[in-house]
Amino acid sequence: MSQRAITSAPATDTTDADPMSQDAYTVSTADRVKAFLSPSNIGGVYVLLVMIVIFSIWVPDIFPEWDTAKQIMNTNAINALVALALIIPLSAGVFDLSVTATMTLSGVLCTYAVVNSGQPLIVGFLIAMGASVLVGVMNGVVVVVGKIDSLIATLATSFLVLAMVKWRTGSRNVSGVELSGSFTNIAQKAFGGLTLPVFYAVVLATIIWYVLEHTATGRRIYATGFNKEATRLASVRTERLRFGSLIVSSTLAGFAGIVLASNLGSGSPTAGTSYLLSAVAAVFLGATQLKHGRFNAWGTIIAVLILGTGTTGLGLAKVDQWAQDVFTGVVLIAALALTGLEVRRAGSESRRARSKRRSALTADGQVPSSTTVGTSA
Amino acid sequence: MTALTPSRGATTHSRPNVVDDGQRTLLRVTGVSKTFPGTKALDNVDFDVRAGEIHALVGHNGSGKSTLIKVLSGYHSPDPGALAWLDGEPVDITELGHGTHGAAGRLSFVHQDLGLVLEMNAIDNLALRGGFARTHFGRVKWREQNRAARRLMAPFAVDFDIHQPLSKATPVERTIVAIAAALQGWDSHGGVLVLDEPTAVLPPGEVHRLFKTVRALRDNGAGMVYVSHRLDEIFGLCDRVTVLRNGKEVATRDVAGLSKGELVHLMLGVEMQPDYRAPVPETVSTEPLLEVRGLAGVYLRNTTFALHRGEVLGIAGLPDSGRDELPRLLTDRSSMAYDGEVRVAGPSPRWTAFSAWKNDAVVLLPPDRGREGIISPMTVRENLTLSVLSRFGNPFRLDHRRERAFAAGWIDRLSVKTAGASSGVMTLSGGNQQKVLFGRTLARDPEVLVLCEPTAGVDIGARHAIYDFVAEQVRLGLSVIVASSDVGDLLALCTRILVLKDGVVAREMPAAGLTEHQLVHAMEGLESETQ
């Protein structure tokens, strides 16, 4: 065996790469910069810039101010935390709809422990995080062990989690003087005008980016999400990854819940649930940025900023509330549609010829099953 | 428009409406070129299909035959300069696949994946292509729909329940449903049917049923384009053959008068034996590496065999013999063996129950490349290294440089044709994707490699490259089990062949000197001593 192993291992299986074989895959720095800046890679950033220009012209007195930028970041930091929580399971091909329920549970448990049980903050924090991990385990058992479709399963567990919230709080806000001070500081303390959640989001995005891009686990997570069966046969423990990804999302959601409660200064039994739609929107929009068709952290951050800038700008322009939701919906559809086109164009065919022929393609069953964001979920 | 009736056509030798049918050209394209960034996939190809012929289109992966099919179907638009005629009438080549020229000039396609919805029954699948019969209120007239489906299926003389989901039908029945769906509203005298590797997923015993259908359509005056990798099918079925190589049309010949060797020569450009045998060692040690006794699963009942060190052991058998199950039970943790024990050579070999066996050194090359092998949204490199990522760096850091070097080494070693390791794996041809999967499995340094349908959908050139590669690994000490429905794989590659029948090892035969005829006889359970 050893004899074969030596010869079968490619000559380049050493730290020092063979310069010849590297050559073909090394791209010049200029090309790499060009590829990075191309609209198909960071189109969202250009959209963001255009939006800033438009709003600066539309509401010149208020919008182009540093304070507005800070406000956008501060008000959307929790959105970003929730969206980031969704990335790992979605990359592994698992939907976790229960994140906002977990978030609510965590906020309520933490405040309840501090206010009603008179526990120190750290105990409340640990109780909340422990409960969140348990929700993740429950999701894992239902989805991975019970082999129930994750979309339905986590929808079902959300009800269970929210039931627990109602039972504990009687649907009333948990509030008290005990919460002011160190607890509210978790979310409200600011440095240079930016509140702490902005920093949490940046740190978390960095960690998620690193894990997905620069660890073997991250690669295996993506592979699991793309083709579970093939990945499993390639000796990857896909079920363990899926289980783990649900624990990650619940844990992150638990943390986001504490931050939300701190931000509100109370444990609200309903506040978390409104975050789900915009978080899902941001993650999917984020998958169209930077890493085509792959859910990724910085793309998600860009997406949160696009959606946040849009709604804030429209708010400052005194446009009705409903228009902000229209904006979110339209941006999402447009981004996903454009990415779909982009991915298909990557199949080396001009877009013009393709759109002309699209109807015929579907009839022939010929559209390549390339990754659009929708299919990778 | 009534459905065509091949069964009637088969008995009618005169072909009405076909004037001078030997000469009538239903489809002609000339000067077809297609340039992709960096490559010329098609270079000035001429191609025509006459009424009443089966015209084979062959060539190895990357020869341009799929590109040509995609140009005909309108998926790719060719470079300027290409011309097309349908039944003598000049038409815009980009409009060929649209069926806008009336039924007489219609091209129909049956693609390799058939384009069926397996959860639905034949009636639904036919209606999805041909349209539903509906009342003014939009309600589907099911009775009429059932009648239409029966009428469409009738000519093919298949006896199966059109009300049951196609997932329960056999592969050949599905293929026939796909053909029936493609032929709805078709005029057999002027239509051209393109069959893209229709036998790729068919068990050998069922291929003749498909051939009967295809011949009947031809005899009724249709023109057929038949894409296949299998030489036997071209000689058994087709009338003319067009060979593509590197995007160029090498030759168009009548099949009659052409020898296998000549055809292979045309395809490859080098002299190559169709009765090819990989250079595996003919004599191997009798030292058992892996012993299995009493293995039982869904199909397997009581299978006992031993794999010797440095041997290529073939597993032959009909589809329900347990041939497909054996590789799974040996390699896949999730597939459960009901019973059986295993003993692996080592310092202290002992019998272990299958359920308790850690089979890390026995690695599977899965049969279904698209579903179980390739991770299509990922790059060539990511596909190659997936199984061995832990070798690069540590759990907290993936060393991209080492990963790149590793992938580059395997690409070189397997001579994978790709623009680069960062290219999407779907830009590769089927044979090259298969090479990537070989790299992925061999990178794990297995002691036993279990190949399942190793050359499915792989052209003859890549096939020989794969055989040679496996043989090289065997000479270096790898032991291999090959389970394949393609007896060509077994005859080319194995040192010994086990024939499974009804879940037990029915015959054991040395592969050297074995003929296809003898092997197939043994698979069917007939005594082949007459040969």
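List of remarks:
- Out of B:GLY431, B:GLY420, sole residue that is in a helix (DSSP H, G or I) and closer than 30 Å to B:VAL58 by Cα: B:GLY431
- Hey, B:ALA456 in contact (Cβ under 8 Å) with a residue 24 or more places away in the chain and either at the interface with chain A (Cβ under 9 Å from one of its Cβ atoms) or part of a helix (DSSP H, G or I) (or both) or not: no
- Residue ID - surrounded by the most Cβ atoms within 10 Å (Cβ to Cβ), chosen from residues in segment A:49-83 that are touching a Ser or Thr at 6+ places or on another chain (Cβ under 6 Å) and not in a loop (DSSP other than H, G, I, E, B): A:ALA83
- Against the list (1) of a type outside the set (A, V, I, L, M); (2) within 19 Å of B:GLY373 (Cα to Cα); (3) surrounded by 23 or more Cβ atoms within 10 Å (Cβ to Cβ), the condition A:PRO197 fails is (2).
- Meets criteria (within 14 Å of chain B (Cβ to nearest Cβ) and either open to solvent by 50 Å² or more (accessible area, probe 1.4 Å) or modelled with pLDDT of 65 or more (or both)) for A:ARG354: no
- Among the residues of segment B:208-236, just one is aromatic (Phe, Trp, Tyr) and open to solvent by less than 10 Å² (accessible area, probe 1.4 Å), namely B:TYR226.
- Whichever residue in segment B:174-198 is open to solvent by 20 Å² or more (accessible area, probe 1.4 Å) and not in a loop (DSSP other than H, G, I, E, B) and, among such residues, is modelled with the highest pLDDT: B:ASP196
- For segment A:184-198, the count of residues that are modelled with pLDDT of 90 or more and within 30 Å of B:HIS400 (Cα to Cα) is zero.
- Looking across A:VAL123, A:VAL82, one residue alone is closer than 30 Å to A:PHE226 by Cα and out of contact with any Pro (no Cβ under 8 Å at 6 or more places or on another chain). It is A:VAL82.
- Checking each residue in segment B:127-173 for being part of a loop (DSSP other than H, G, I, E, B), touching a Ser or Thr at 6+ places or on another chain (Cβ under 9 Å) and open to solvent by 40 Å² or more (accessible area, probe 1.4 Å) picks out B:LYS141, B:ALA157.
- Residue within segment B:403-414 that is in a helix (DSSP H, G or I), over 30 Å from B:GLY64 (Cβ atoms), open to solvent by 10 Å² or more (accessible area, probe 1.4 Å) and at the interface with another protein chain (Cβ under 9 Å from one of its Cβ atoms) present: yes
- Complete set of residues in segment B:367-394 that are farther than 10 Å from A:ALA230 by Cβ, open to solvent by 10 Å² or more (accessible area, probe 1.4 Å) and at the interface with chain A (Cβ under 7 Å from one of its Cβ atoms): B:PRO377, B:GLU382, B:SER387, B:SER390
- Residues located in segment B:74-96, provided they are acidic (Asp, Glu) and within 10 Å of chain A (Cβ to nearest Cβ): B:GLU95
- Check on B:ASP489, touching a His at 6+ places or on another chain (Cβ under 6 Å), open to solvent by less than 10 Å² (accessible area, probe 1.4 Å) and touching a residue at least 12 places away in the same chain (Cβ under 8 Å): no
- Every pair of residues 6+ apart whose Cβ atoms lie under 6 Å, when the first sits in segment B:75-92 and is at pLDDT below 85 while the second is open to solvent by 60 Å² or more (accessible area, probe 1.4 Å): B:HIS76/B:LYS70; B:LEU86/B:HIS101
- Sole residue being modelled with pLDDT under 90 and either open to solvent by 10 Å² or more (accessible area, probe 1.4 Å) or not polar (S, T, N, Q) (or both), chosen from B:LEU451, B:LEU476, B:LEU498, B:LEU398: B:LEU476
- None of B:VAL280, B:VAL270, B:VAL201, B:VAL225 is within 18 Å of the chain's Cα centre (by Cα) and at pLDDT below 85 except B:VAL201.
- Residues satisfying the stated conditions in segment A:299-346, i.e. among the hydroxyl-bearing types (Ser, Thr, Tyr), at pLDDT 85 or above and under 30 Å from B:MET426 (Cα atoms): A:THR300
- Residue check, B:SER355 open to solvent by 40 Å² or more (accessible area, probe 1.4 Å), at positive phi and either out of contact with any Phe, Trp or Tyr (no Cβ under 8 Å at 6 or more places or on another chain) or at the interface with another protein chain (Cβ under 7 Å from one of its Cβ atoms) (or both): no
- Strands (runs of 3 or more DSSP E) contained in segment B:243-346 and holding at least 1 residues open to solvent by 70 Å² or more (accessible area, probe 1.4 Å): B:248-254, B:288-296, B:303-308, B:339-344
- Among the residues making up segment A:200-210, a single one is β-branched (Val, Ile, Thr) and surrounded by 19 or more Cβ atoms within 10 Å (Cβ to Cβ): A:ILE208.
The values are calculated or read from the model by the stated rules, or taken from the named source; none is laboratory data. Just so we're clear, the structure is a prediction, and the values are computed from it rather than from any experiment. Here the Cβ is made from the backbone with ideal geometry for all residues, glycine too, and neighbour counts use every protein chain on show. To get the accessible areas, we keep the full protein, side chains included, count just its heavy atoms, and leave off ligands, DNA and RNA. Shrake-Rupley method; radii C 1.70, N 1.55, O 1.52, S 1.80 Å.
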